[in-house]
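Since every read-out is calculated from the coordinates, none of them should be taken as a lab result. Here the structure is a predicted model, which means the values were calculated and not measured. We place every Cβ from the backbone using ideal geometry, glycine too, and count neighbours over all the protein chains shown.
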Amino acid sequence: MLYQGSAFRLEMLANNILKVVFDLKDQSANVFNATALKELGETLEVIKKQNARGLLFTSGKPGGFVFGADVTEFLDHFKKSEPELISWIASINNIFNGYEDLPYPKVALVNGFALGGGCEIALTMDYRLASPKAAMGLPETKLGIIPGWGGTVRLPRLIGADHAIEWVTGAKHYKAEEALKFGAIDGIVEEAKLEEAGLKLLEKCLAGEMDWKARVQTKKSPLKLDKIESMMSFDGSKGFIAGIAGPNYPAPLKSVEAMQKASRLDRDGALKIEGETFAQCALTKTAECLVQVFLGDQYLKKVSKKITKDAQPTKFGAVLGAGIMGGGIAYQSASMGVGVLMKDIKTEQLDLGMNEASKIMLKEIERKKSSPEKMAKILASITPTLSYADFGHTQFVVEAVVENEKVKKAVLADVENNTSADTILASNTSTISITKLAEGLKRPDKFCGMHFFNPVHRMPLVEIIRGEKTSQDTIARAVNYANQMGKTPIVVNDCAGFLVNRILFPYFNGFIFLLEDGIDFQRIDKVMEKFGWPMGPAYLLDVVGIDTGFHASSIMAAAFPDRMGFKSKTILEVMYEQKRFGQKNNLGFYEYEMDKKGKSVKKVNPAVYEIIKPTIKRQIEITDEEIVLRMMLPMIIEASRCLEDKIVESPVEVDMGLLLGLGFPPFRAGALKYADSVGLKNLDEASKKFLEIGKLYELTPFMKSLAAENKTYY
């Protein structure tokens, strides 16, 4: 063994072929953390002293190459100055260049995911052989940055500018077969035979059958594009990419600009451009927030793994209630391999539930993400029924009937009598207390909440709600079932609205107060969409359902009357009385009609202003910035209350709940992270201006203490 560290080992094989093995100690996957990067450099220094003829770069992790840089270290790097960041990037590129410049042929054996820095180290080699399960990609723009270790330099020189732009700005993973078509890899070999194939390839290079030196020269030279080709590739893509990414996500466009500037330079000059652009992106708030979102996602996975360590998986489940939600839950379970019974009391409701599942599948087939064969298999895994005859075999039952406490209690008691003592019962409720729903059950320890978001197949979040008597085993099995369905579960303690809706309704209330002050709902929608929300509050209420919003608002007002109650009739109540329920009956703040493609399109009927008029109490002048503050402050304050009340354990869970359940703008990373970026002192000052509106705008003592001590949630 020529070198042995905690991340790398170096050995000499027969015929003076060096083998570098990346095998990060005590980790299931390889990542370039500070230790690994240091050892990569140390390994290079040992390599330079050897009388070698060729080199293999491989992974010691079966089924995995390198997952890229250690993102947990990013936020510390982002605290550096721009010159410090550029210097850090340059020091790593010196090592990567050192491998590329070795005076003999080099082959990367990619046996799994080669992402980010993992893809970039593979690109420094002259050839890349991959296993059938391998995948390559440069996902950095998803984190608000660009590739910084040569990705924007080597990739366009290997696969062409157009393809490289697609790889870098799209931030996707490409399977081995796709990567081969692009020219990013040179062959696909079964994992067990990769080393043998790599050695044969090196021998061909040494025998003069392969021009490996030309490969190196191509990567070190300017791109072979004339002015017209360059303009078509780079300028032609900029407008399209800017339109898709939008103004809040600058990294994709910056990556194209970096590639364009570097296209006429040699490798070292191009890497300098890349390093400078990386540093500029890394120092943006967007990068900080998107990295925080990535870390938040990793945190939720770790929490789930810990909770479900000894949990029994669900092999067969059931759904009560075959409406849109019930059909969506049944589809999601069946699509992920867990068969379900779907029960209702009416045949036409069962038809509605099956139709919902069929509609989802047909859309998947239209998008070429599924097939008729898969559709038939999934639908066959959903068994519609009017009786409890087969419920004795179910391990997990999700109740998804109408959002009415009495109805839910009756249905839950009924199903409990028709299931085994070990069956878990869960209620898909958005606002009703789980502790209250458990009151009539014989086994309240086997009962919890399982709040799915609509549409079920698209929304990633499931809130797992713990009632007063819910056992830890029940929580573990519910979290496990959510994971089996491909969802992201967050465990929350019981309260009105739980986590997401409890925070959402103060936001809606801020909207209602703005309407009462004479502010146009269309203007509010535009301002909040510019802020980053996928849709403004009026449009969102239409999508949620104004009838649903009105009923839920009443529950929240009863639970938190001091800050969520209203002294007079609100616009929600008026709309409800006028039977303007939103998209479900095509009448809400907006009106809806189908276009030629069958898509619902919103339009404004001026008559809606006559409906709003009686609820207006005054006419004020207000800036867009004040609209944002008046909408966001109630949400931030309630988010803090949820943390203070231990509804969840951490700011990360609060913010990830809002991202996954509501579509909170990822580039702002959540309400509490946004509060940190604005500053608690600034929020405290803003709060004082709006206190006359109501307690909805009053900071908690905890928030005031953070402001006074200049502290943050993160």
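So how do Phe96, Phe511, Phe240, Phe531 line up by other beta-carbon neighbours within 10 Å, fewest first?
With the sparsest Cβ surroundings first, the list reads Phe240, Phe531, Phe96, Phe511.
So, R0 is 25 Å and r is the distance between the beta-carbons of Glu439 and Ile345; what FRET efficiency does that work out to, to 0.05?
Calculated transfer efficiency: 0.65.
With the Cα gyration tensor of the range 488-571 giving a ≥ b ≥ c as the square roots of its eigenvalues, does the rule (a/c under 1.5 for rounded; else a/b larger than b/c for prolate; else oblate) give rounded, prolate or oblate?
Oblate shape, in that a/c is at least 1.5 and b/c is the bigger or equal ratio.
Just how far, in whole angstrom, is the range 382-417 from the range 58-110 if you go by their alpha carbon centroids?
Here the two parts' Cα centres lie 54 Å apart.
In a shell of Cβ-Cβ distance under 11 Å around Lys224, excluding Lys224 itself, what net charge do Lys and Arg (+1) and Asp and Glu (-1) give?
That sum, taken over residues with Cβ under 11 Å, equals 0.
Out of the range 415-473, which GluC sites (Glu not before Pro) are coil in DSSP terms and have no more than 15 other C-beta atoms within 10 Å?
Listed in order of number, the matching sites are Glu439, Glu468.
Tally Lys/Arg at +1 and Asp/Glu at -1 over every other residue whose Cβ is under 13 Å from the Cβ of Pro665; what's the total?
Value of the local net charge: +2.
Semi-axes of the equivalent ellipsoid of the range 565-657: what are they in whole Å, largest first, if each equals the square root of 5 times a C-alpha gyration tensor eigenvalue?
Value: 31, 21, 15 Å, ordered largest first.
Taking neighbour counts of Cβ atoms within 10 Å as a proxy for exposure, in what order, fewest first, do Trp149, Trp167 appear?
Trp167, Trp149
By what distance, in whole Å, do the Cα atoms of the range 95-171 stretch along each of the three principal axes, largest value first?
Computed over the Cα atoms, the extents are 35, 27, 21 Å.
Pairs Lys79/Lys673; Lys530/Lys613; Lys142/Lys487; Lys172/Lys602: which are spaced more than 22 Å apart, C-alpha to C-alpha?
Over 22 Å Cα-Cα: Lys530/Lys613; Lys172/Lys602.
Within the range 515-531, whose backbone N sits under 19 Å from a point 7 Å along Cα→Cβ of Glu573?
Output list for this probe position: 515-518.
What FRET efficiency comes out for Ser420 versus Gln522 if R0 is 56 angstrom and r is the Cβ-Cβ distance? Round to the nearest 0.05.
Efficiency, rounded to the nearest 0.05: 0.55.
Could you state the angle between the C-alpha long axis of helix 251-262 and the longest principal axis of the C-alpha atoms of the chain, as a value from 0 to 90 degrees rounded to the nearest 10?
In the chain, helix 251-262 runs at an angle near 20 degrees to the longest axis.
How high is the FRET efficiency from Asn51 to Lys681, r the C-beta distance, R0 45 Å, rounded to 0.05?
0.10
If you bin every alpha carbon distance in the chain into 10 Å steps from zero, what whole percent lands in each bin?
Histogramming the chain at 10 Å steps yields 3, 13, 20, 22, 20, 14, 7, 2, 0 percent.
List the chymotrypsin sites (Phe, Trp or Tyr not before Pro) within the range 321-428 that DSSP assigns to loop and that have no more than 16 neighbouring Cβ atoms inside 10 Å.
none
Under 1.5 on a/c is rounded, so check that first for the range 182-341, then, if it is not, pick prolate when a/b is larger than b/c and oblate when it is not; a ≥ b ≥ c are the square roots of the alpha carbon gyration tensor eigenvalues.
oblate
Dipole of the range 102-166 (Lys/Arg Cβ +1, Asp/Glu Cβ -1, origin at the Cα centre): which of Gly116, Pro156, Ala134 lies farthest to the positive side?
Ala134
Tell me the net charge near Ile647. Cut-off is 12 Å between Cβ atoms, Ile647 excluded, with +1 for each Lys or Arg and -1 for each Asp or Glu.
Within the 12 Å Cβ shell, the charges total -3.
Can you give me the angle between helix 405-416 and the longest principal axis of the chain, using Cα atoms only, in degrees from 0 to 90, rounded to the nearest 10?
70 degrees
Restricting things to alpha carbons, find the Rg to Rh ratio for the range 178-219 using the Kirkwood radius for Rh.
Rounded to two decimals, Rg over Rh is 1.01.
Find, to one decimal place in angstroms, the Kirkwood hydrodynamic radius of the range 328-480, where the mean of 1/r is taken over every pair of different Cα atoms and then inverted.
16.1 Å
Treating the angle as unsigned and between 0 and 90°, give the value, to the nearest 10°, between the Cα long axis of helix 236-245 and the longest Cα principal axis of the chain.
40 degrees
Taking 7 Å along the Cα-to-C-beta vector as the label spot, tell me the Leu2-Glu709 distance in nanometres, rounded to one decimal.
5.5 nm
Over the range 1-42, consider all pairs of different Cα atoms and compute the Kirkwood hydrodynamic radius from their mean reciprocal separation; express it in Å, one decimal.
Mean inverse Cα-Cα distance, inverted, gives 10.7 Å.
Any idea which of Ala496, Phe589, Tyr104 is furthest toward the positive side of the dipole for the chain, if Lys and Arg beta-carbons carry +1 and Asp and Glu beta-carbons -1?
Checked the options; the winner is Tyr104.
For the pair Thr218 and Lys374, how long in nm is the line joining their label points, each one 7 Å along Cα→Cβ?
Result: 3.4 nm between the two label points.
Give me the one-decimal nm value for the distance between modelled label points at Glu468 and Glu366, 7 Å along each residue's Cα-to-Cβ direction.
Going from the Glu468 label point to the Glu366 one covers 4.8 nm.
Which of the three applies to the range 10-81, rounded, prolate or oblate, going by the alpha-carbon gyration tensor with a ≥ b ≥ c and a/c under 1.5 meaning rounded?
Verdict is oblate for the range 10-81.
In the range 501-708, if every C-alpha pair distance is counted and binned at 10 Å from zero, what percent goes to each bin?
Going out from 0 Å in 10 Å bins, the range 501-708 shows 8, 35, 38, 16, 3, 0 percent.
Under 16 Å between alpha carbons, and skipping anything fewer than 8 positions from Lys567 in its own chain: which aspartates and glutamates qualify?
Excluding near neighbours in sequence, the set is Glu516, Asp517, Glu692.
In vacuum, with every alpha carbon of the range 3-283 counted as one equal point scatterer, what does the Debye formula give for log10 I(q)/I(0) at q = 0.07, 0.09, 0.15 Å⁻¹? Two decimals, please.
-0.23, -0.39, -1.12
May I ask for the Kirkwood hydrodynamic radius of the range 379-436, worked out over all distinct Cα pairs and given in angstroms to one decimal?
The answer is 12.4 Å.
Would you work out the charge dipole size for the chain about its Cα centre, treating the Cβ of every Lys and Arg as +1 and the Cβ of every Asp and Glu as -1, and quote it to the nearest 20 debye?
Rounded to the nearest 20 debye, it is 600 debye.
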